[in-house]
Each structure stands twice: as structure tokens, then as C-alpha cells.
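Participant: A single structure is presented below for examination.
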Amino acid sequence: MKKTVAIVLAFFFLQASSCKKLCEDDTISIIKKENESSKLRTDGYYYHCDTDGRFIFDFFLYKNGILFRVTAVESTFEDYERKILAFDNIQRYYRNKKKFWGTYVIENDTIRYELYYPGSSCAMSTWIMEGIILNDSTFHILKSYKPNKSDLQKEDKIYHFKLYSPKPDSTNPYIK
């Protein structure tokens with residue numbers, strides 16, 4: 001009987017440890033570092049428009065290399081800023097969820113940013129988006145891929161800048 005219990009316990013712990021490994025989130029591969037470039041503005045947020053002409057508000061870039069995604073689809077800037085960027089909504093909903101945080105880097109005229117996305121299992125995967133900077137308030141994302149360069153996908157999203165103050169703080173529990 002003791003042997004059976006020991007085998008069952010060993011099996012349980014083995015299963016639990018393997019599930020934990022399966023459910024470990026990817027690690028952000030773009031190292032957070034201070035953005036010393038003036039290639040893109042960081043005193044507001046970036047958005048793009050979908051094929052129906054609706055605004056898709058995406059994220060804030062911070063000088064410390066952090067990206068904060070606050071995604072929503074709205075028909076006007078006013079609706080977005082009133083509903084989504086309300087301080088209590090930022091604090092309550094967005095700040096403590098890993099999927100809204102990432103990092104970015106600017107090298108020459110290229111921007112790359114990496115964010116968490118739901119994976120195929122219980123773990124969060126990371127994806128890198130890469131594109132070219134057109135001017136200090138516009139960039140064009142052309143491709144996305146996994147950090148190991150697999151799953152290359154073509155993209156075609158042009159992001160525009162909108163001045164916004166006060167920006168939410170970039171402090172978060174996920175990217176130090």
C-alpha cells in the first residue's frame with residue numbers, strides 16, 4: 001500500500017512539474033534599454049486605422065524602452081481617451097496584466113518591439129514586430145516573427161502619433 005501511494009505521489013509531482021514547464025511564459029528577448037534616439041516621439045500614443053477606417057489605439061512608447069499597450073477600437077479619439085485612458089481603468093484593468101507590456105528598440109530607421117500574446121497552451125508567447133520609421137510620428141510595421149525568427153508573417157500597419165498627456169506611468173511588475 002505504501003509503495004502504491006509513493007508511486008501515485010511521484011506520478012503526481014512529475015505531472016505537476018511538467019505542466020509548470022509547459023505553462024511558463026516566453027521571456028522578452030528585446031532587452032529594455034534607454035531610448036536615446038529622437039527618431040520617434042514618446043510624448044503621446046501610437047494608433048493605426050483598420051480597413052473600416054476605425055481607429056485602433058495601440059500603445060505608448062517610453063524613453064526607458066518600455067512599451068505599454070492599451071488597445072481598443074473606437075470611432076473617435078475622444079471616445080478612446082475618455083473610456084480607455086481613464087486613470088482608474090488603466091490602474092484597474094491594464095497595469096497588472098502581462099499581455100499589455102513589452103519592450104522596443106530603435107536602430108537607425110528600424111523599430112522592433114516585442115509583446116506578449118496568448119500562446120497555444122496556457123503560456124504567453126512573445127512576438128516581435130518590425131518596421132521602418134517614416135518620420136518622428138509615423139512608422140510602418142512590415143513583418144512579425146517569434147524571437148527565434150520562426151513563423152515569419154507579413155504585416156502592413158502604419159502607426160501614427162497623437163500627443164497625449166498625462167501618459168500613464170511605465171512602472172509594471174513584468175519588465176524591470
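The values are calculated or read from the model by the stated rules, or taken from the named source; none is laboratory data. Predicted model, so just to flag it, every value in this text is computed and none were measured. With ideal geometry, Cβ positions are generated from the backbone for all residues, glycine too; neighbour counts draw on all protein chains shown. Note: accessible area is taken over every heavy atom of the protein model, side chains too, but ligands, DNA and RNA are not part of it. Shrake-Rupley method; radii C 1.70, N 1.55, O 1.52, S 1.80 Å.
Participant: Suppose the filter is crowded, with 16+ Cβ neighbours inside 10 Å, in a strand (DSSP E or B) and among the β-branched types (V, I, T); does T71 pass it?
Facilitator: In short, no.
Participant: Identify, from the list N89, N96, N108, the residue that is modelled with pLDDT of 90 or more and surrounded by fewer than 19 Cβ atoms within 10 Å (Cβ to Cβ).
Facilitator: N108
Participant: Considering M124, M129, which residue is in contact with a strand residue (DSSP E or B) (Cβ under 7 Å, 6 or more places away or on another chain), closer than 15 Å to I56 by Cβ, open to solvent by less than 50 Å² (accessible area, probe 1.4 Å) and at pLDDT 80 or above?
Facilitator: Exactly one of M124, M129 is in contact with a strand residue (DSSP E or B) (Cβ under 7 Å, 6 or more places away or on another chain), closer than 15 Å to I56 by Cβ, open to solvent by less than 50 Å² (accessible area, probe 1.4 Å) and at pLDDT 80 or above, namely M129.
Participant: Can I ask one more? Quick one: what pairs do we get from region 106-133, first residue without any contact (Cβ under 8 Å) to a residue 40 or more places away in the chain and more than 14 Å from S37 (Cα to Cα), second open to solvent by 10 Å² or more (accessible area, probe 1.4 Å) and of a type in the set (G, A, S), C-beta under 9 Å, 6+ apart or different chains?
Facilitator: Once the first residue is without any contact (Cβ under 8 Å) to a residue 40 or more places away in the chain and more than 14 Å from S37 (Cα to Cα) and sits in region 106-133, its partners that are open to solvent by 10 Å² or more (accessible area, probe 1.4 Å) and of a type in the set (G, A, S) give Y117/S125; P118/S125.
Participant: With the checklist (1) under 24 Å from T27 (Cβ atoms); (2) more than 15 Å from the chain's Cα centre (by Cα) in hand, flag the one item V70 doesn't pass.
Facilitator: Result: V70 fails condition (2) only.
Participant: I'd like to verify a number: residues in region 146-176 that are open to solvent by less than 70 Å² (accessible area, probe 1.4 Å) and over 20 Å from T71 (Cβ atoms), how many?
Facilitator: Residues flagged as open to solvent by less than 70 Å² (accessible area, probe 1.4 Å) and over 20 Å from T71 (Cβ atoms) within region 146-176 amount to 3.
Participant: Quick one: count up the residues across region 39-68 that are open to solvent by 40 Å² or more (accessible area, probe 1.4 Å) and of a type in the set (D, E).
Facilitator: 2
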